[in-house]
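Read through the structure below, which is laid out as structure tokens, and then see the notes.
The values are calculated or read from the model by the stated rules, or taken from the named source; none is laboratory data. The shown structure was predicted, so the numbers you read here are calculated from the model rather than taken from an experiment. Note that we place each Cβ from the backbone using ideal geometry, even for glycine, and neighbour counts take in every protein chain shown. Note: areas computed on protein heavy atoms with side chains; ligands, DNA, RNA excluded. Shrake-Rupley method; radii C 1.70, N 1.55, O 1.52, S 1.80 Å.
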Amino acid sequence: MLLGAAEADAVFNKRRYAFFLTILHLERVISMQLGGLMGGIYKISDMVMKLAYLNILWFLGVLSGLVVFGIMPATVSLFSVIRGWILNDDEMTIHKKFIETYKKDFFPSNILGLIILFVGYGFFINYQFLGSMNEESSLTLIILVGNILVAILLGIFLLFIFPIYVHFDMSLLKKIKLSVMLGIIYPHITLVFIITVFLFCLLFTFIPALIFFFSVSGVAYCLMGIYMKKINDIAEKYNRKEQVLKESFE
């Protein structure tokens with residue numbers, strides 16, 4: 001009787017152990033499936049929160065520079081933070097990186113802003129002068145064509161300058177030249193940039209509340225992501241990383 005009881009107990013323990021392993025295996029499978037789903041949801045929600053926080057920092061940065069002198073350094077700082085995300089800079093903290101870049105690039109970025117303002121003002125003056133001319137002439141045609149070219153180049157420049165500004169360590173003049181050249185050499189990327197900005201403007205038209213949270217950070221994240229992808233493609237094509245672009249402007 002004692003031997004039979006011991007054998008029965010051993011069999012029961014084996015079955016209980018097998019049942020326990022089965023349950024444990026099922027728990028692991030379920031947790032992995034839920035973990036993948038929940039992990040994806042967490043990453044998306046985390047990025048949304050970061051973009052919203054960064055957009056608020058941008059508004060605060062603009063106000064810190066009394067609006068006029070805050071737009072450029074705040075925008076450069078925002079793009080710099082997003083570049084860190086794309087490059088998986090784990091040591092970077094959003095507010096610290098934003099403030100450091102804001103202080104470091106306050107004057108250089110405002111010089112860039114003055115250049116943009118000067119070119120934009122010249123374009124406006126030409127447009128006003130063109131509107132005041134009643135008769136068509138060769139001069140009118142020249143001014144009209146010149147205005148169209150300036151508008152196109154200025155648009156390309158504005159789309160590319162901020163990703164290039166935070167990505168390359170070169171002089172401001174070279175960054176300006178490179179931003180225009182990339183937009184001309186790769187018109188499909190320029191077109192993607194334009195479509196991206198247009199879609200965001202359309203979104204903000206239908207949901208104005210999103211402007212406060214994603215008006216700048218959302219657009220910048222998409223533009224920077226597209227730009228970094230193209231730069232990596234260029235680097236692989238020439239097998240020389242980004243130096244191939246830098247050397248072109250030395």
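A few comments on the model shown:
- Simple label model, 7 Å out from Cα along Cβ direction - F107 to A52, nm: 3.9
- Exceedance of the 25 Å cut-off in Cα-Cα distance is limited, within the set K104/K175; K96/K174; K104/K230, to K96/K174; K104/K230.
- Entry comment: accessible area of segment 57-107 is 57 Å² per residue, from protein heavy atoms only and a probe of 1.4 Å.
- Other residues with beta-carbon under 14 Å from the beta-carbon of T101 carry, at +1 per Lys or Arg and -1 per Asp or Glu, a net charge of +1.
- With a Förster radius of 35 Å applied to the C-beta separation of I143 and L66, the computed FRET efficiency comes to 0.50.
- For segment 97-111, backbone phi angles converted through the Karplus equation (6.51, -1.76, 1.60; θ = phi - 60°) give residue-by-residue couplings of 5, 4, 5, 4, 5, 4, 5, 5, 9, 4, 6, x, 5, 6, 5 Hz, Gly and Pro being listed as x.
- Segment 142-182, accessible surface, carbon-and-sulfur percent (1.4 angstrom probe): 81
- Spin-label pair L154/L87, simplified geometry with 7 Å Cα→Cβ offset, distance in nm: 3.2
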